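The values are calculated or read from the model by the stated rules, or taken from the named source; none is laboratory data. None of these values were measured; they are calculated from a predicted model. Neighbour counts are summed over all protein chains in view; Cβ atoms, including those assigned to glycine, are modelled from backbone coordinates with ideal geometry.
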Amino acid sequence: MSTAAAPFDVTRVRRDFPILAQQVNGHPLVYLDSAASGQRPNAVLRAVERYETHHHSNVHRGVHALSQAATEAFEGARERARRFLNARSRREIVFVRGTTEGINLVAQALARPRLGPGDEILITGLEHHANIVPWQMVCEQTGCTLKVAPIDRRGELDLDRFLGQLTARTRLVAVAHVSNALGTILPVERIVQAAHSCGALVLLDGAQAVPHTAIDVQALGCDFYAFSGHKLYGPTGIGVLFGREELLEEMPPWQGGGDMIRTVSFEKSTYNDLPWKFEAGTPNISGAVGLAAAMDYLEGLGIEAVAAHEQRLLALATAELSRIPGLQIIGTAAHKAAVLSFTLSGCHPHDLGTILDSEGVAIRTGHHCAMPVMTFFDIPATARASFGCYNTEADVYALVAALGKAREVFG
Amino acid sequence: MDLKDLYRDVILDHNRQPRNFGALTDADAHADGHNPLCGDRLTVWVQLQGERISEVRFEGKGCAISTASASLMTEAVKGKDTATVRRLYEQVHTLLTHPNSAPDASLGKLAALAGVSEFPARVKCATLCWHTLNAALERSADAVTTE
C-alpha cells in the first residue's frame with residue numbers, strides 16, 4: 001500500500017473523533033491512553049448506527065431480508081478482516097471478543113488436546129497477562145511446562161537466550177508483537193522462523209501492533225495472530241483470531257452451541273465448517289461491522305503514515321520527558337511503538353495519574369496487566385502515555401506541563 | 001475537584017516522612033495488604049495489651065494517599081482499644097465516601113483525608129491500611145486484599 005505522497009493532516013484526523021472535542025476537569029481533553037483503548041472515528045460510529053438502524057437481525061438464520069442483510073454485513077466484515085491481515089481465506093478468520101479470547105481459544109482448542117508432560121510452551125518476559133495466564137491454565141490441565149525467555153534492562157527480548165530455550169520440546173511459542181507496557185517491537189519474523197525450524201507453532205499477540213503496523217500473516221508466517229478491535233479505533237467486544245486453516249481444521253471446537261453445528265441429535269452432533277465451528281452463539285454483529293469500518297478508516301489514513309506520525313510524537317515526547325529531573329523512562333528498546341512508560345521519583349504513578357487528570361491529561365497508571373514486567377524493573381507501577389493517530393505535538397507539551405505540575409505538588 | 005484538597009500539606013508531610021514506619025519485631029500480630037489495581041503493598045504490625053493497641057507500625061510501598069493514610073492511622077489508633085478503633089474506621093470510611101460530610105472533631109488529623117472523597121478512584125488507596133489493620137487485629141496471618 002502506498003501512502004508516501006499524502007501529508008498527514010492531524011487537524012483533519014482530529015475532526016473525525018467527536019469525543020476529543022471536550023473539556024475534562026476544566027481543560028481540553030488530552031487523550032494519551034490509546035494503548036488501553038483507542039477512540040472511535042465518525043466512520044465507525046456511523047457504520048454501527050447504520051447497521052443498527054437498517055440491517056440488524058440475527059445472522060445465518062433466516063430467509064428474510066434483514067437476516068440476509070445482517071449476514072452479508074457480518075461476513076463482509078470477515079472478508080475485510082481477511083484483507084487487513086492478508087490471510088489466504090476467510091475460513092482463517094474467527095471473530096472473537098478480543099485478543100484475550102483469541103489466545104484462550106488457541107490454548108484450549110489447540111494446546112490443551114495436544115500437549116502433555118515434557119512439552120513446553122515458550123513465552124517472553126514482557127507478555128501481557130492475557131498471554132501468560134491462558135498458558136498457565138494449560139500447564140495445569142496437561143502437565144506441560146511454561147518457559148519464559150528473559151528481557152534486558154532496555155526492555156528488549158534477549159534473543160540469544162530465547163533461541164537457547166527453543167528446543168525439540170517446545171511445542172508452542174506465544175509472544176507479543178509489541179509490548180503493551182514498554183512499547184518494544186519484537187523481532188517476530190526471526191522468532192517465527194526459529195520456532196518453525198524447531199517444529200513449534202507460533203501465536204502472535206497483536207493487540208498493540210495492529211494500530212501501528214500493516215500486518216501480513218502470510219509474510220510473517222505465524223500460525224495464529226490475535227488482536228482486538230478497540231485498539232485500532234473499532235468497538236470493544238470484537239476481535240479477530242487468525243489461524244492457519246490446516247490447524248483450525250484439526251482443532252476441536254472450544255464452545256458448543258448454536259451456529260457452530262451442522263446437525264444435532266441427542267446421540268451425536270456434527271460441527272459446522274470453518275470458521276463458524278469456533279463461533280458458538282449469536283456473535284457481536286455490530287461490533288464486526290464497526291471493526292470493518294475501523295479497518296477502512298485506518299487504511300484510508302495509511303497505517304504507515306499514522307505510524308510515522310506517532311513515531312515523531314514518540315521521539316518528541318522521549319526527548320522532552322528525558323529532560324525532566326527525576327523522570328525515568330522504562331522501556332528504551334531500539335524499536336518501539338508509540339508507548340512511553342515512565343516513573344517520576346518521589347511521586348507514585350497513581351498520584352501522577354490523578355494530577356495529570358486534573359489537568360485534562362489522560363494517561364494509564366498501574367502495572368498495565370504486566371506484573372512480571374514491573375517485578376523485573378523492581379517498580380510497583382509506571383505511568384504510561386501512548387499515542388494514536390489523533391495526537392499532536394501540543395498533546396506532548398500538555399503532558400510535559402502537567403508533569404511540571406506534579407513536580408510542584410510533590411516538590 | 002481540587003488537587004489542593006486531595007494533596008493537603010498533612011498528606012504530603014506524612015507521605016514524605018511516614019510515622020511509625022518499619023517492622024515491629026515483637027508484634028502480637030501482623031497482616032499483609034495488597035491493592036492489585038495499583039500494586040500498593042503494606043504490612044501492619046500490632047502489639048496488644050488486652051483489648052488495647054499498645055504499639056502499631058507499618059511498612060510498604062504505595063502512593064501518597066496510601067502511605068499518608070497508613071501513617072495517620074498508626075498515630076490515631078495507638079493506645080486505643082479495638083472497639084474504639086472499629087468506630088474510628090467507620091467514621092473514616094464515611095469521610096472517604098461522602099463528599100459533603102463534615103469531619104467529626106474526634107477524627108483529629110485523619111480529617112485531612114476528606115479530599116479523597118472527591119476522587120472515587122482513590123478511595124481504595126486510603127482504606128487499604130485500615131483493612132490490613134483489621135486483618136491483623138483478627139490475628140489473621142492471611143493476606144487481605146481490597147478487591
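What the table below lists for this structure:
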item: From the options A:Gln255, A:Gln311, residue that is under 27 Å from A:Ala176 (Cα atoms), free of Cβ contacts under 8 Å to residues at least 40 places away in the same chain and assigned to a loop (DSSP other than H, G, I, E, B); result: A:Gln255
item: Residue within region A:60-83 that is in contact with an Asp or Glu (Cβ under 8 Å, 6 or more places away or on another chain), in contact (Cβ under 8 Å) with a residue 40 or more places away in the chain, hydrophobic (A, V, I, L, M, F, W, C) and buried (at least 16 other Cβ atoms within 10 Å of the Cβ) present; result: no
item: Considering residues of region B:11-38 that are under 16 Å from B:Leu110 (Cβ atoms) and within 14 Å of chain A (Cβ to nearest Cβ) only, the residue surrounded by the fewest Cβ atoms within 10 Å (Cβ to Cβ); result: B:Asp13
item: Of all residues making up region A:166-186, the number that are in a loop (DSSP other than H, G, I, E, B) and of a type outside the set (Ser, Thr, Tyr); result: 9
item: Among the candidates A:Ala383, A:Ala338, A:Ala362, A:Ala394, residue that is touching a Phe, Trp or Tyr at 6+ places or on another chain (Cβ under 8 Å) and surrounded by fewer than 21 Cβ atoms within 10 Å (Cβ to Cβ); result: A:Ala362
item: Among (1) surrounded by 17 or more Cβ atoms within 10 Å (Cβ to Cβ); (2) closer than 24 Å to A:Gly239 by Cα, the one test that A:Glu189 misses; result: (1)
item: Pairs where the first residue, in region A:197-213, is in contact (Cβ under 8 Å) with a residue 12 or more places away in the chain and the second is surrounded by 24 or more Cβ atoms within 10 Å (Cβ to Cβ) and acidic (Asp, Glu), C-beta under 7 Å, 6+ apart; result: A:Leu201/A:Asp223; A:Val202/A:Asp223; A:Leu203/A:Asp223
item: Out of B:Leu95, B:Leu137, B:Leu128, sole residue that is away from every other protein chain (no Cβ under 13 Å), surrounded by 20 or more Cβ atoms within 10 Å (Cβ to Cβ) and either modelled with pLDDT of 95 or more or in contact with a Pro (Cβ under 6 Å, 6 or more places away or on another chain) (or both); result: B:Leu95
item: Region B:19-44: number of residues that are under 20 Å from B:Ala83 (Cα atoms) and assigned to a strand (DSSP E or B); result: 4
item: Only one of A:Arg15, A:Arg50, A:Arg91 that is not assigned by TED's automatic domain parsing to the domain that holds A:Asn180 and not polar (S, T, N, Q); result: A:Arg15
item: Yes/no for A:Gln136 being out of contact with any Lys or Arg (no Cβ under 7 Å at 6 or more places or on another chain), surrounded by fewer than 23 Cβ atoms within 10 Å (Cβ to Cβ) and part of a helix (DSSP H, G or I); result: yes
item: Lone unmet requirement of (1) within 22 Å of the chain's Cα centre (by Cα); (2) outside any helix (DSSP H, G or I); (3) of a type outside the set (Asp, Glu); (4) under 18 Å from A:His309 (Cβ atoms) for A:Val13; result: (2)
item: Residue in region A:187-198 that is part of a strand (DSSP E or B) and polar (S, T, N, Q) present; result: no
item: Residue match in region A:326-336 (condition: of a type in the set (Lys, Arg), over 23 Å from the mean Cα position of the chain (by Cα) and in the same structural domain as A:Ser34 (by TED's automatic domain parsing)); result: no
item: Number of the condition not met by A:Gln141 [criteria: (1) surrounded by fewer than 16 Cβ atoms within 10 Å (Cβ to Cβ); (2) assigned to a loop (DSSP other than H, G, I, E, B); (3) in contact (Cβ under 8 Å) with a residue 24 or more places away in the chain]; result: (2)
item: Count - residues of region B:45-69 that are away from chain A (no Cβ under 14 Å) and either β-branched (Val, Ile, Thr) or in a helix (DSSP H, G or I) (or both); result: 3
item: Of residues in region A:58-104 being among the β-branched types (Val, Ile, Thr) and in a loop (DSSP other than H, G, I, E, B), the one modelled with the lowest pLDDT; result: A:Val63
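Conditions tested, residue by residue: (1) modelled with pLDDT of 90 or more; (2) surrounded by fewer than 16 Cβ atoms within 10 Å (Cβ to Cβ); (3) more than 14 Å from every other protein chain (Cβ to nearest Cβ); (4) out of contact with any helix residue (DSSP H, G or I) (no Cβ under 8 Å at 6 or more places or on another chain).
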position	(1), (2), (3), (4)
B:Leu88	yes, no, yes, no
B:Gln91	yes, no, yes, no
B:Asp104	no, yes, yes, no
B:Ala114	yes, no, yes, no
B:Ser117	yes, no, no, no
B:Lys124	yes, no, no, yes
